[in-house]
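The values are calculated or read from the model by the stated rules, or taken from the named source; none is laboratory data. Quick caveat: nothing in here was measured; it's all calculated off a predicted structure. Cβ placement follows ideal geometry from the backbone for every residue including glycine, while neighbour counts extend to all protein chains displayed.
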Amino acid sequence: MSELHNRVLAGKDRLVADRRWLHQHAELSWKETETAAYLEQALAEMDGLVLSRPTPTSVMAVLKTGRPGPTVAIRADIDALPINEENELEYRSIHPGAMHACGHDGHAAILLNAVRLVCQDKESLCGELRFIFQHAEETPPGGAVEVIAAGVLEGVDEVYGLHLTSILPTGRFGVCPGVLTSSTDRFDVTVQGKGGHSSMPQECVDPIVTGAQIICGLQTIVARSLAPADAAVLSVCRVRAGEAYNVIPNTFEITGSVRTYDETVRNKIEARIRAIAEGTAAAAGAEAQVTYSRGYDSIVNDPELTKMGRALIADTFGPEAVADLSPIAPGDDFCYYSQKCPGFFVELGAANPAVGSDAPHHNPRYKLDEDALLYGVEYTVALLESRCRL
Ligand code: NI
């Protein structure tokens, strides 16, 4: 076992305690007040960091070694989801309607405890390290754009991020060069018909029948307008219309989501949604209003950094720890960091059925395997210290 491994193990109690405190005090996007205060206080107890608040609920710690070298940034997201926790845990969320069901409590605890170890080694490092505890990842347009606008990436040469995932077992690292995540868009269609008595359809323009045709039309986009190699998902997830059994309503609302991995495909789907909704409505004498809202872009991993990250994981944990991933669907606002400078975002397995940690993310019973946190800390320290080694 390496010396680093033993130091990480020695800090396990602290790591788990940090994670549980954060879990218990889950806070929603832009409301991470107690979370940011906790992190800031813990960072203030470490040696040699310059602390700042890029935004009211984000925290940045900077370690300037004073020796020439690269400027390396790493980001952890810190916000929770609007979910009522259903886990029976002594550290269950005390905030009703807020739960760390995506592992961001783990991300923050991993980075915090990695910083603690890196600070102890600062005499053997060069360059500058920036540790970014970012708010509001869960809610587009997201906190990344705000902290980047506040200047956290100015002068940064490379940037890193990590996400715990229940698609991989504890201790395996999902690595994917190039496009890693899908873009996350939403569409809303309102069909404006003309309501009236159910017994006199000839006096009405029925938006429900037209809306149903639009839904079926939308399902032809992926099947009929894209090439076989173009990956995309279009799902209609909510419809709303009508109040009474004998009243044809005025309007029909359709809401759904679109996931793509390529800008050309993304643009094409948006154009097809508009054409199908407007054209189908016009044919029926109705009108369709389409709003297409762009969520996060895809995260694109820098090929060189991905190669380096892959080798580092294999060196640190053995080659079997590397899992080659195909692009995955959940989006992340880390995309905006990797648009500013070369970046590498890794997925760290935290699923372990033996300890009940295999519920999907965003589920009220999501529970991460705390052993995964140790892998996260060891990876983070090994990574940062290899990039800034004197
Ligand atoms: Ni997440």
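Within the option set HIS95, HIS104, being crowded, with 20+ Cβ neighbours inside 10 Å and out of contact with any Gly (no Cβ under 8 Å at 6 or more places or on another chain) holds for one residue only, HIS104.
Among the residues of the stretch 122-163, write down those that are charged (D, E, K, R), in contact (Cβ under 8 Å) with a residue 40 or more places away in the chain and closer than 19 Å to LEU51 by Cβ. Answer for the stretch 122-163, where residues must be charged (D, E, K, R), in contact (Cβ under 8 Å) with a residue 40 or more places away in the chain and closer than 19 Å to LEU51 by Cβ: LYS122, GLU128, ARG130, GLU146.
Test ILE78 against the stated conditions and say whether it is of a type in the set (Val, Ile, Thr), away from the ligand (no atom under 14 Å from the Cβ) and under 17 Å from the mean Cα position of the chain (by Cα). Criteria not met by ILE78. Just wondering, is there one or more residues in the stretch 156-173 that are at pLDDT 95 or above, surrounded by fewer than 16 Cβ atoms within 10 Å (Cβ to Cβ) and out of contact with any helix residue (DSSP H, G or I) (no Cβ under 7 Å at 6 or more places or on another chain)? Looking for residues that are at pLDDT 95 or above, surrounded by fewer than 16 Cβ atoms within 10 Å (Cβ to Cβ) and out of contact with any helix residue (DSSP H, G or I) (no Cβ under 7 Å at 6 or more places or on another chain), one finds at least one in the stretch 156-173, hence yes. Exactly one residue out of VAL290, VAL247 is closer than 30 Å to ALA329 by Cα and of a type in the set (A, V, I, L, M), and it is VAL290. Restrict the check to the stretch 179-202 and report whether at least one residue is of a type in the set (Lys, Arg), modelled with pLDDT of 95 or more, touching a strand residue (DSSP E or B) at 6+ places or on another chain (Cβ under 6 Å) and closer than 27 Å to ARG387 by Cβ. No, the stretch 179-202 contains no residue that is of a type in the set (Lys, Arg), modelled with pLDDT of 95 or more, touching a strand residue (DSSP E or B) at 6+ places or on another chain (Cβ under 6 Å) and closer than 27 Å to ARG387 by Cβ.
Looking only at residues in the stretch 292-342 that are among the β-branched types (Val, Ile, Thr) and at pLDDT 95 or above, which one is surrounded by the most Cβ atoms within 10 Å (Cβ to Cβ)? Here the answer is ILE299.
Take the conditions within 16 Å of the ligand (Cβ to nearest atom), of a type outside the set (D, E, K, R) and in contact with a helix residue (DSSP H, G or I) (Cβ under 8 Å, 6 or more places away or on another chain) and apply them to TYR337. Does it pass? Answer is yes for this residue.
Quick check on my filter: what residues within the stretch 266-279 are touching a Leu at 6+ places or on another chain (Cβ under 9 Å) and surrounded by 20 or more Cβ atoms within 10 Å (Cβ to Cβ)? Explain how you work it out, then say what you get.
Here is the first cut: in the stretch 266-279, the ones touching a Leu at 6+ places or on another chain (Cβ under 9 Å) are 268-269, 272-273, 276-277.
If the condition is that a residue be touching a Leu at 6+ places or on another chain (Cβ under 9 Å) and surrounded by 20 or more Cβ atoms within 10 Å (Cβ to Cβ), then ILE269, ILE273, ILE276, ALA277 are the ones that fit.
Among ILE110, ILE83, which is touching a helix residue (DSSP H, G or I) at 6+ places or on another chain (Cβ under 7 Å), within 14 Å of the ligand (Cβ to nearest atom) and either more than 23 Å from PRO56 (Cβ to Cβ) or assigned to a loop (DSSP other than H, G, I, E, B) (or both)? Spell out how you get there, then give the answer.
Numbers: ILE83 fails: touching a helix residue (DSSP H, G or I) at 6+ places or on another chain (Cβ under 7 Å).
Result: ILE110 is the single residue among ILE110, ILE83 that is touching a helix residue (DSSP H, G or I) at 6+ places or on another chain (Cβ under 7 Å), within 14 Å of the ligand (Cβ to nearest atom) and either more than 23 Å from PRO56 (Cβ to Cβ) or assigned to a loop (DSSP other than H, G, I, E, B) (or both).
Counting only strands (runs of 3 or more DSSP E) that sit wholly inside the stretch 126-208, those with at least 1 residues that are within 15 Å of TYR336 (Cβ to Cβ) are 128-134, 158-169, 183-192. The set of residues in the stretch 36-57 being in contact (Cβ under 8 Å) with a residue 60 or more places away in the chain and either within 16 Å of the ligand (Cβ to nearest atom) or among the aliphatic types (A, V, I, L, M) (or both) consists of ALA36, LEU39, ALA42, LEU43, MET46, LEU49.
Listed here are the residues, each with its yes/no results for (1) modelled with pLDDT of 95 or more; (2) part of a strand (DSSP E or B); (3) touching a strand residue (DSSP E or B) at 6+ places or on another chain (Cβ under 9 Å).
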residue: CYS216; (1), (2), (3): yes, no, no
residue: ALA223; (1), (2), (3): yes, no, no
residue: GLY242; (1), (2), (3): yes, no, yes
residue: ARG266; (1), (2), (3): yes, no, yes
residue: GLU270; (1), (2), (3): yes, no, yes
residue: ARG274; (1), (2), (3): yes, no, yes
residue: GLU278; (1), (2), (3): yes, no, yes
residue: ALA281; (1), (2), (3): yes, no, yes
residue: VAL290; (1), (2), (3): yes, yes, yes
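Filtering the stretch 10-29 to residues that are surrounded by fewer than 17 Cβ atoms within 10 Å (Cβ to Cβ) and out of contact with any helix residue (DSSP H, G or I) (no Cβ under 7 Å at 6 or more places or on another chain) leaves ALA10, ASP13, ALA17. Among the criteria (1) surrounded by 20 or more Cβ atoms within 10 Å (Cβ to Cβ); (2) out of contact with any helix residue (DSSP H, G or I) (no Cβ under 9 Å at 6 or more places or on another chain); (3) modelled with pLDDT of 95 or more; (4) not charged (D, E, K, R), the one TYR366 does not fulfil is (3). Restricting attention to the stretch 223-257, the residues that are buried (at least 17 other Cβ atoms within 10 Å of the Cβ) and without any contact (Cβ under 8 Å) to a residue 24 or more places away in the chain add up to 1. Just so you know, in the stretch 119-176 the residues that are of a type in the set (Ser, Thr, Tyr) and within 14 Å of the ligand (Cβ to nearest atom) include one that is farthest from the chain's Cα centre (by Cα), and it is SER166.
Among the residues of the stretch 14-33, what is the count of those that are part of a helix (DSSP H, G or I) and either more than 27 Å from the chain's Cα centre (by Cα) or of a type in the set (Gly, Ala, Ser) (or both)? So that I can check it myself, show each step before the final result.
Restricting attention to the stretch 14-33, the residues satisfying the condition of being part of a helix (DSSP H, G or I) are 14-24, 33.
Still in the list and also either more than 27 Å from the chain's Cα centre (by Cα) or of a type in the set (Gly, Ala, Ser) (or both): 17.
Adding up the residues that qualify gives 1.
Hey, does the stretch 42-49 have a residue that's modelled with pLDDT of 95 or more and closer than 30 Å to ASN84 by Cα? Break it down into steps so the answer makes sense when it comes.
Here is the first cut: in the stretch 42-49, the ones modelled with pLDDT of 95 or more are 42-46, 49.
Now drop any that are not closer than 30 Å to ASN84 by Cα, which leaves 42-43.
Checked against the condition, which is being modelled with pLDDT of 95 or more and closer than 30 Å to ASN84 by Cα, the stretch 42-49 yields at least one hit.
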